[in-house]
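One structure below.
The values are calculated or read from the model by the stated rules, or taken from the named source; none is laboratory data. All of these numbers come straight from a predicted model, not from anything done at the bench. Cβ coordinates were reconstructed from backbone atoms using ideal geometry, including for glycine residues, and neighbour counts include every protein chain displayed.
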């Protein structure tokens with residue numbers, strides 16, 4: 001999981017949807033694809049990936065804080081059985097909408113840590129990238145095994161939130177979908193993300209090792225392709241390159257943006 005920068009203003013598609021009071025978020029596929037660069041907010045797999053276990057062509061709009069927790073349909077136009085919702089209903093909160101593959105959306109479902117569970121939420125990929133609870137601040141990777149883990153420096157509620165994000169969204173270990181009858185269930189199980197990350201890093205390493213050492217421009221272009229946010233598993237690839245003998249060819253994102 002990595003931080004994603006979201007425009008402050010909601011897209012026209014969301015404004016129109018809110019004004020209609022409907023709950024069909026299909027029109028947001030295009031603007032969310034643009035914000036998240038076609039990559040799942042949770043597992044970092046791309047809409048254009050070719051995977052035998054999961055048809056990632058199917059992406060959806062996921063409510064980070066589940067709909068049943070933000071709208072109780074008790075006041076105003078939301079009273080009774082929706083639609084219609086009020087155009088100010090929290091289900092239309094732009095900051096709460098994520099681009100997710102159906103496997104992650106189905107696995108997450110309506111889960112959210114409850115009071116007394118020593119956690120108060122999940123790690124938000126569109127929060128402040130410089131905050132103490134950003135993905136980059138709380139997560140690290142076992143490069144060899146491909147597993148996402150909570151960074152050793154993270155403690156207290158923040159640590160519990162990070163661990164619950166890994167466990168409840170099954171970001172390492174496969175588990176059956178919460179709703180086995182859904183159309184997009186991946187052969188009755190989630191993909192093994194830790195194994196896929198490990199395979200992807202191996203491919204990354206082999207790509208770099210096959211290049212001439214005296215061609216830094218070529219090395220840098222391959223590195224940029226693997227660590228770009230629009231690429232699958234870019235966060236573990238970024239950590240790998242920073243810890244490898246190729247780190248001298250790594251351009252920090254802030255410098256890269258300034259140079260572009």
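Among 260, 207, 244, which is the only one that is modelled with pLDDT under 90 and surrounded by fewer than 19 Cβ atoms within 10 Å (Cβ to Cβ)?
260 is the lone residue from the list that is modelled with pLDDT under 90 and surrounded by fewer than 19 Cβ atoms within 10 Å (Cβ to Cβ).
How many residues are over 18 Å from residue 248 (Cβ atoms), in contact with a helix residue (DSSP H, G or I) (Cβ under 7 Å, 6 or more places away or on another chain) and either free of Cβ contacts under 8 Å to residues at least 40 places away in the same chain or part of a loop (DSSP other than H, G, I, E, B) (or both) when one looks only at the stretch 201-234?
Adding up the residues that qualify gives 4.
Which residues, taken from the stretch 1-30, are loosely packed, with under 15 Cβ neighbours inside 10 Å, under 19 Å from the mean Cα position of the chain (by Cα) and in a loop (DSSP other than H, G, I, E, B)?
Within the stretch 1-30, 5, 7, 8 qualify.
Going by the conditions given, is residue 148 over 16 Å from the mean Cα position of the chain (by Cα) and modelled with pLDDT of 95 or more?
No: the conditions fail for residue 148.
Only one of (1) under 15 Å from the mean Cα position of the chain (by Cα); (2) within 25 Å of residue 5 (Cβ to Cβ); (3) surrounded by 18 or more Cβ atoms within 10 Å (Cβ to Cβ); (4) at pLDDT below 95 is not met by residue 162, so which one is it?
(4)
State all residues of the stretch 131-168 that are within 18 Å of residue 239 (Cβ to Cβ), assigned to a loop (DSSP other than H, G, I, E, B) and free of Cβ contacts under 8 Å to residues at least 24 places away in the same chain; if no residue qualifies, say none.
The answer is 151, 152, 153, 154.
Condition check: more than 18 Å from residue 65 (Cβ to Cβ), more than 13 Å from the chain's Cα centre (by Cα), exposed (fewer than 13 other Cβ atoms within 10 Å of the Cβ) and modelled with pLDDT under 90. Does residue 114 satisfy that?
Working: more than 18 Å from residue 65 (Cβ to Cβ): no; more than 13 Å from the chain's Cα centre (by Cα): yes; exposed (fewer than 13 other Cβ atoms within 10 Å of the Cβ): yes; modelled with pLDDT under 90: yes.
When the stated conditions are applied, residue 114 does not pass them.
I'd like the full set of residues that are closer than 15 Å to residue 131 by Cα and out of contact with any strand residue (DSSP E or B) (no Cβ under 8 Å at 6 or more places or on another chain), limited to the stretch 146-171.
153, 154, 155, 157, 158, 161
Quick one: what pairs do we get from the stretch 90-106, first residue in contact (Cβ under 8 Å) with a residue 24 or more places away in the chain, second buried (at least 22 other Cβ atoms within 10 Å of the Cβ) and in a helix (DSSP H, G or I), C-beta under 8 Å, 6+ apart or different chains?
Once the first residue is in contact (Cβ under 8 Å) with a residue 24 or more places away in the chain and sits in the stretch 90-106, its partners that are buried (at least 22 other Cβ atoms within 10 Å of the Cβ) and in a helix (DSSP H, G or I) give 92/17; 97/32; 98/32; 99/32; 100/108.
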